[in-house]
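Q: Here you go, one structure.
The values are calculated or read from the model by the stated rules, or taken from the named source; none is laboratory data. What you are looking at is a predicted structure, and each value in this text was computed from that prediction instead of being measured. As a convention, Cβ positions derive from the backbone with ideal geometry for all residues, glycine included, and neighbour counts pool all protein chains shown.
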Amino acid sequence: MLCFCDYRAVFSANWDSNEKQYKKAESLLLEALRIKESYVARISLALAYLEQGKVNEAENAHLDGIRLRPKQSKRYEAYGDFLSDVGREDEAERMNQKELAEHLTRGSLMVRDFSTSVIRRTGCPSR
């Protein structure tokens with residue numbers, strides 16, 4: 001799994017570091033997100049903001065993504081990586097714990113849903 005820092009390397013490799021390119025990327029990513037919410041577009045937007053020194057906008061991009069898709073643990077992970085990148089280690093650790101809790105909750109729900117499905121099809125609990 002790529003961490004936030006890895007995405008920055010990929011993003012930087014794909015976009016010229018000049019300010020005009022980041023502004024263009026920002027505009028295109030905002031338009032893409034108006035059309036449809038996307039994890040990749042959201043973290044790319046946060047990176048475009050961060051590369052332009054727009055730390056508050058980058059953070060808000062992450063927070064908006066979490067607000068829109070609170071059950072996607074990878075959004076908490078990306079936000080935790082962002083917090084770490086900007087030197088907010090205590091908050092990053094709390095976010096990483098939240099990501100893990102969300103991930104485990106989703107995993108437990110998937111197991112429960114599978115068990116319920118087995119019971120419905122077979123008429124008896126699996127052992």
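Q: Inside the range 30-44, can you point out the residues that are within 22 Å of N18 (Cβ to Cβ) and touching a helix residue (DSSP H, G or I) at 6+ places or on another chain (Cβ under 6 Å)?
A: A32, A41, I43, S44
Q: I'm trying to understand the selection: among the residues of the range 45-85, which are of a type in the set (S, T, N, Q), farther than 20 Å from E19 by Cβ and not in a helix (DSSP H, G or I)?
A: Scanning the range 45-85 gives a single hit, Q72.
Q: Would you be able to say whether some residue in the range 108-123 is at pLDDT below 85, of a type outside the set (D, E) and at positive phi?
A: yes
Q: Test E93 against the criterion of being part of a helix (DSSP H, G or I) and out of contact with any helix residue (DSSP H, G or I) (no Cβ under 6 Å at 6 or more places or on another chain), and give yes or no.
A: So E93 fits the description; yes.
Q: Report, ordered by the first and then the second residue, all pairs with beta carbons closer than 7 Å, sequence separation of six or more or different chains, a first member in the range 68-90 that is within 13 Å of A101 (Cβ to Cβ), and a second member that is not in a helix (DSSP H, G or I).
A: Note: no pairs meet the criteria.
Q: If M95 passes every condition in (1) modelled with pLDDT of 90 or more; (2) in contact with a Gly (Cβ under 9 Å, 6 or more places away or on another chain); (3) surrounded by fewer than 19 Cβ atoms within 10 Å (Cβ to Cβ) but one, which one does it miss?
A: Unmet condition: (3).
Q: Oh, and also: Quick check on the range 54-86: of everything there that is of a type in the set (G, A, S) and either within 11 Å of the chain's Cα centre (by Cα) or at pLDDT 95 or above (or both), which residue is nearest to L29 (Cα to Cα)?
A: Looking at the filtered set, the residue picked out is A61.
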